[in-house]
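Undergrad: Once you've had a glance at the structure underneath, I'll fire off some questions.
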Amino acid sequence: MSRFWMGGSSSEDESEEERKSEEEKSDEEEPSQNKTGTTARFLKTGSDDSDEDSQKRVVKSARDRRFDELKETVQKLKNHMKINDWNAIHTEFEKLNTVSKSNYDHTKGRNS
């Protein structure tokens with residue numbers, strides 16, 4: 001409890017405050033460990049870089065990305081047609097129209 005509410009200070013309060021400040025200092029010294037003892041994900045050392053190296057980065061052109069988006073939308077549309085989900089069909093159809101229109105505009109060199 002703080003001194004404000006207690007009205008005065010005693011040696012017990014001071015020793016308690018010292019313990020709290022020591023705990024805070026020890027927490028500051030070990031930022032990579034949280035209270036459960038596990039290390040934080042964002043503070044991992046450089047030894048875990050092998051995971052990043054194993055994943056190859058795929059670079060696609062804007063045209064390929066738009067085409068992939070069209071294919072995904074058509075596939076979703078077909079799946080919704082199989083289960084007769086008309087609300088989702090309507091949504092995917094509108095998305096298909098907007099994506100195909102933007103693809104058409106990009107191929108003709110116009111901005112939408």
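Undergrad: I want to confirm something. Restricting to segment 55-89 and keeping residues that are of a type in the set (V, I, T) and more than 26 Å from the chain's Cα centre (by Cα), which single residue is nearest to Y104 (Cα to Cα)? Reasoning before the result, please.
TA: Going through segment 55-89, the residues of a type in the set (V, I, T) turn out to be 58-59, 73-74, 83, 89.
Keeping just the survivors that are more than 26 Å from the chain's Cα centre (by Cα) gives 74, 83, 89.
Working: V74: 16, I83: 30, I89: 22 Å.
Per the criteria, the residue is V74.
Undergrad: Considering only residues that are part of a loop (DSSP other than H, G, I, E, B) and either exposed (fewer than 10 other Cβ atoms within 10 Å of the Cβ) or in contact (Cβ under 8 Å) with a residue 60 or more places away in the chain (or both), which ones fall in segment 55-99? So that I can check it myself, show each step before the final result.
TA: Kept after step one, since they are part of a loop (DSSP other than H, G, I, E, B), are these residues of segment 55-99: 55-61, 83-85.
Hits for segment 55-99 are Q55, K56, R57, V58, V59, S61, I83, N84.
Values quoted throughout were computed directly from the atomic coordinates according to the rules given, and no laboratory measurement underlies them. Keep in mind it's a predicted model, so treat the numbers as computed, not measured. Virtual Cβ from ideal backbone geometry, glycine too; neighbours counted across all protein chains shown.
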